[in-house]
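What follows is a single structure, written as structure tokens, with notes after it.
Read-outs: derived from the displayed coordinates by stated rules, not from any lab. Bear in mind the structure is a predicted one, so any value in this text is a computation, not a measurement. Using ideal geometry, Cβ is built from the backbone for each residue, glycine included, and neighbour counts are taken over all protein chains shown.
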Amino acid sequence: MKFLIIIPAHNEEDNLSFTLNSLQQQSFKDYKVVVVNDGSIDQTPEIIKKYTDQDSRFETINLQKSAHQPGSKVVNAFKNGLKTQSINEFDIICKFDADIILPENYLETIRNAFQNNPENGLIGGLLYIEKNGEWVYEGNSNKHHVRGPMKAYRKECFIEIGGLRETLGWDNIDSILLENLGWKEVVLPGLQVKLIKV
């Protein structure tokens, strides 16, 4: 199975390298990353270039800054990244944020969960934030809902739900569509994703 990972990034100079480093350190290597530079005015483009220059799995596109309407900016950037790829080449479509750190087995574990369970349509881990020098579960949502910063869709499911929607609460709409169409949304509690920026 091959992953397409799209990362919208707007002024993420303090965080993006952590995310991209964690991708390079994955035990599973069959993936492509498209970092969508969404009108950054900091050093984000230079950070992206370091990765695209050294690793052919990393690509980027540059956008004018997206409109900052609730729920639409990130999805619009994601869709622009998706347009640059042939979706048929991939089995798993991911929307990751530019401020997360993935454990080294993240992609491998997601891949295995899709391979072993054909009904799984959307998979993710749990978000952890730093408090008083320790990483603790963020607790902002129930443990059966895959949070927006780390969504991994089976391609067939992604197509069937119509992709991402530019609307407030788009990731909650995912859950409703998945259930209505018979796909499972699965949170793997053993996968702890660190959210750098809260």
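Before moving on, here are some points about what is shown:
- Amide H partners (placed H, <5 Å) of GLU12, local residues excluded: THR44
- FRET E, pair ASP14, ILE176, Förster distance 30 Å, beta-carbon r, rounded to 0.05: 0.30
- Gyration tensor (alpha-carbon) shape descriptor, the chain, a/c threshold 1.5: rounded
- Net charge dipole size for the chain [Lys, Arg +1 and Asp, Glu -1 on Cβ; Debye, nearest 20]: 260 debye
- The alpha-carbon of LYS73 sits under 12 angstrom from the alpha-carbons of these aspartates and glutamates, leaving out residues fewer than 8 places away in its chain: ASP38, GLU166.
- Sequence ranges 38-45, 76-83, ranked by mean other-Cβ count within 10 angstrom, highest first: 76-83, 38-45
- Total formal charge among the other residues, if their Cβ is under 14 angstrom from that of THR167, Lys/Arg +1 and Asp/Glu -1: 0
- For the residue pairs LYS50/LYS83; LYS83/LYS194; LYS95/LYS197, the C-alpha atoms sit more than 26 angstrom apart in LYS83/LYS194.
- Projection of the Cα convex hull of the range 63-166, averaged over all directions and equal to a quarter of that hull's surface, yields 8.3 nm².
- Bridge type composition, the range 44-198 - antiparallel percent by DSSP, nearest 5: 65 percent
- One Cα centroid belongs to the range 132-198, the other to the range 17-88; the line between them spans 19 Å.
- Cβ-based net charge around ILE92, under 9 Å, with every Lys or Arg adding one and every Asp or Glu removing one: +3
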